[in-house]
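*Asks:* Questions regarding the structure given below will be posed in turn.
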Amino acid sequence: MAITRKVKPKELFMGKLSYGGDLLEEITDVCRKENIRLGRVEALGAVQRARLGFYNQQTHEYQFFVVDQPLEITKLVGNVSLKDGNPFVHAHITVADKMGNAYGGHLAPGTVVFACEFILEAFDGPILERHLDEATGLSLWTMSE
Amino acid sequence: MAITRKVKPKELFMGKLSYGGDLLEEITDVCRKENIRLGRVEALGAVQRARLGFYNQQTHEYQFFVVDQPLEITKLVGNVSLKDGNPFVHAHITVADKMGNAYGGHLAPGTVVFACEFILEAFDGPILERHLDEATGLSLWTMSE
Amino acid sequence: MAITRKVKPKELFMGKLSYGGDLLEEITDVCRKENIRLGRVEALGAVQRARLGFYNQQTHEYQFFVVDQPLEITKLVGNVSLKDGNPFVHAHITVADKMGNAYGGHLAPGTVVFACEFILEAFDGPILERHLDEATGLSLWTMSE
């Protein structure tokens with residue numbers, strides 16, 4: 001059964017990231033600077049390399065890997081909530097190489113921007129904070145029905 | 001030529017789905033519970049297995065297949081409208097395996113949640129109801145210009 | 001460092017594209033018709049063929065290729081801004097074939113709609129206009145901090 005919270009649109013931003021920047025870090029920096037504690041983000045563009053995570057559902061550990069080539073970002077999607085009291089961006093990304101082959105995973109630090117345009121929405125609403133979830137080993141929102 | 005309807009933002013929800021739940025069914029349940037008859041949904045997370053559909057444009061039949069392994073959801077995107085008078089979620093999904101290889105298709109029942117965070121928007125607007133479209137064999141919105 | 005502009009939601013549209021239409025052209029036509037100069041778009045559906053671009057980050061040229069088969073659109077995402085004074089849609093797309101294999105890239109003219117449902121948002125905000133960016137060779141938003 002899904003657990004749901006009502007939120008409200010608050011602010012909306014469009015922007016671009018800097019050439020050579022770290023994709024995840026730059027988006028997180030915008031959230032910190034604009035004090036966004038709840039929201040969502042989407043982006044498209046290209047990266048010089050991608051570092052992605054796959055969560056091993058058996059061992060409960062992320063396995064990280066690098067796709068070390070220029071790639072189109074066909075989609076970045078993420079949400080913003082709190083972890084340890086700070087804005088935390090949880091984003092997944094799909095990228096494609098020069099043959100069009102698509103790769104994807106959990107966006108990890110180490111993904112280097114070539115060019116990236118993003119839309120970031122801030123929401124008003126309840127505090128959603130991440131804590132360890134025993135069933136999955138992931139850091140999930142603590143919510144009760 | 002595109003056919004377009006103006007709608008208005010009404011309500012906005014963030015939430016998480018339950019471990020082991022059916023991805024499509026849980027999102028549809030939220031729409032029923034919150035009486036969402038028009039809207040859109042997006043999600044990211046991971047699934048234990050995915051069941052996807054590919055629409056055969058010649059025979060006008062969906063071909064379903066299972067990617068029977070743990071996968072990251074790199075993107076779920078969908079809209080909400082009516083079919084047979086009830087809220088109906090039409091969603092497509094992109095997933096990625098442990099090597100980062102991406103797969104995708106029409107989200108079918110049988111996709112099992114590992115962890116999933118979603119954002120669901122309800123819109124006010126005209127009734128969009130799905131009926132058989134002769135040209136494609138699909139169940140599309142009946143709209144005239 | 002990211003460069004950011006605040007925008008405001010203005011109008012929201014849902015709609016469908018026509019069988020056999022050019023995907024990028026039809027979305028651009030809606031923007032022209034509704035006078036959308038700033039915004040975002042998302043879509044799902046299926047195409048008869050896709051024409052995609054990959055930006056060569058060394059030579060600063062797009063390489064275009066065709067995936068010449070029926071495909072599901074697992075996600076189209078794009079933004080709307082101005083280029084040469086006219087509404088310009090910059091979209092990336094992820095598609096999947098009958099085996100579920102995903103491909104993606106920059107959406108180019110020549111992608112033929114089978115069926116496509118879209119959501120298009122218009123924003124109020126500063127003028128974002130594309131001009132040549134020396135560092136990347138791309139047509140990016142001219143923004144200063």
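*Asks:* Output needed for chain A: three equivalent-ellipsoid semi-axes, defined as square roots of 5 times the C-alpha gyration tensor eigenvalues, in descending order, whole Å.
*Replies:* 26, 20, 12
*Asks:* Here's something else I'd like to know. Mind checking Rg over Rh on the protein assembly as shown, alpha carbons, Kirkwood formula for Rh? Intermediate values should be presented prior to the final figure.
*Replies:* Working: Rg = 19.6 Å, Rh = 21.2 Å.
With Rh from the inverse mean 1/r over Cα pairs, Rg/Rh is 0.93.
*Asks:* Sticking with this structure for a sec: List the residue from chain A whose beta-carbon is nearest to the axis that rotates chain A onto chain B, together with that distance in whole Å.
*Replies:* A:A102, 2
*Asks:* Using the alpha-carbon atoms, what tilt in degrees (0 to 90, nearest 10) does helix C:23-33 show relative to the longest principal axis of chain C?
*Replies:* Computed tilt is about 40 degrees.
*Asks:* Next up: Would you mind getting the accessible area per residue of the protein assembly as shown, heavy atoms of the protein chains only, 1.4 Å probe, in Å²?
*Replies:* So the protein assembly as shown comes to 38 Å² accessible per residue, rounded to a whole number.
*Asks:* How big is the dipole moment of region C:82-145 about its Cα centre under a simple scheme where the beta carbon of each Lys and Arg is +1, that of each Asp and Glu is -1, and everything else is neutral? Debye, nearest 20, please.
*Replies:* Value, rounded to 20: 320 debye.
*Asks:* Please give the average number of partner chain Cβ atoms lying within 10 Å of the Cβ of each residue in B:25-32, rounded to a whole number.
*Replies:* Per residue, the number of nearby Cβ atoms from other chains is 1 on average.
*Asks:* While we're looking at this one, here's another question. If eta is 1.002 mPa s and T is 20 °C, what Stokes-Einstein diffusion coefficient results for region A:1-67, Kirkwood Rh from Cα pairs, in µm²/s?
*Replies:* The estimated diffusion coefficient comes to 142 µm²/s.
*Asks:* Could you report the buried accessible area between A and B, both sides summed, computed with a 1.4 Å probe and given in Å² to the nearest 100? Display every interim value, and only then the final one.
*Replies:* Values: alone 8940 and 8930 Å², together 14410 Å².
Looking at A and B, the buried total is near 3500 Å².
*Asks:* Please list, ordered by chain and number, the residues whose modelled amide H lies under 5 Å from the amide H of B:K75; skip anything fewer than 5 residues away on the same chain.
*Replies:* B:T94
*Asks:* Let me ask another. Take every residue in peptide A:80-93, count the Cβ atoms of other chains within 10 Å of its Cβ, and give the average of those counts.
*Replies:* Per-residue shielding by partner chains comes out at 2.
*Asks:* I want to verify a result. In a Gaussian network model of chain B, Cα cutoff 10 Å, which of these has the top mean-square fluctuation: B:A135, B:A96, B:A108?
*Replies:* Greatest mean-square fluctuation among the candidates belongs to B:A135.
*Asks:* Calculate, for C:T142 and C:F65, the FRET efficiency according to 1/(1 + (r/R0)^6) with r their C-beta to C-beta distance and R0 25 Å; round to the nearest 0.05. Don't skip to the answer; put the middle values down first.
*Replies:* On the way: r = 30 Å, r/R0 = 1.19.
Efficiency at R0 = 25 Å is approximately 0.25.
*Asks:* Now for a different question. Just checking the output field for C:103-112: average partner chain Cβ neighbours within 10 Å of each residue's Cβ?
*Replies:* Taking all residues of C:103-112 together, the mean is 5.
*Asks:* Mind checking the dipole of the protein assembly as shown: about its Cα centre, +1 per Lys or Arg Cβ, -1 per Asp or Glu Cβ, Debye to the nearest 20?
*Replies:* Dipole magnitude for the protein assembly as shown comes out near 580 debye.
*Asks:* Exactly which chymotrypsin sites (Phe, Trp or Tyr not before Pro) in region C:1-67 are in a DSSP loop and have at most 11 other Cβ atoms within 10 Å? Could the numbers behind the result be given before it?
*Replies:* Numbers: sites: C:F13, C:Y19, C:F54, C:Y55, C:Y62, C:F64, C:F65; in loops: C:Y19.
In loop regions of region C:1-67 (DSSP not H, G, I, E or B), there are no sparsely surrounded chymotrypsin sites (Phe, Trp or Tyr not before Pro).
*Asks:* Mind jotting down a quarter of the surface of the convex hull over the alpha carbons of region B:29-98, in square nanometres, one decimal? Display every interim value, and only then the final one.
*Replies:* Working: hull surface 22.8 nm².
Averaging across all directions leaves 5.7 nm² for the Cα convex hull.
*Asks:* What is the set of long-range amide H partners of A:A2 at a cut-off below 5 Å, with H atoms built 1.01 Å from backbone N?
*Replies:* Those qualifying (amide H under 5 Å, at least 5 residues apart or on another chain) are B:S18.
*Asks:* From the helices alone, meaning DSSP H stretches of at least four residues, give me the mean residue ellipticity at 222 nm for chain C, per-run term -39500 (n - 2.57), in deg cm²/dmol to the nearest 500.
*Replies:* Working: 1 runs with 11 residues, N = 145.
Rounded to the nearest 500, the figure is -2500 deg cm²/dmol.
The values are calculated or read from the model by the stated rules, or taken from the named source; none is laboratory data. This is a predicted model, so every value here is computed, not measured. A quick note on method: Cβ atoms are made from the backbone with ideal geometry, for glycine too, and the neighbour counts reach across all protein chains shown. For the accessible areas, the whole protein counts, side chains as well, though only heavy atoms, and no ligand, DNA or RNA atoms are used. Shrake-Rupley method; radii C 1.70, N 1.55, O 1.52, S 1.80 Å.
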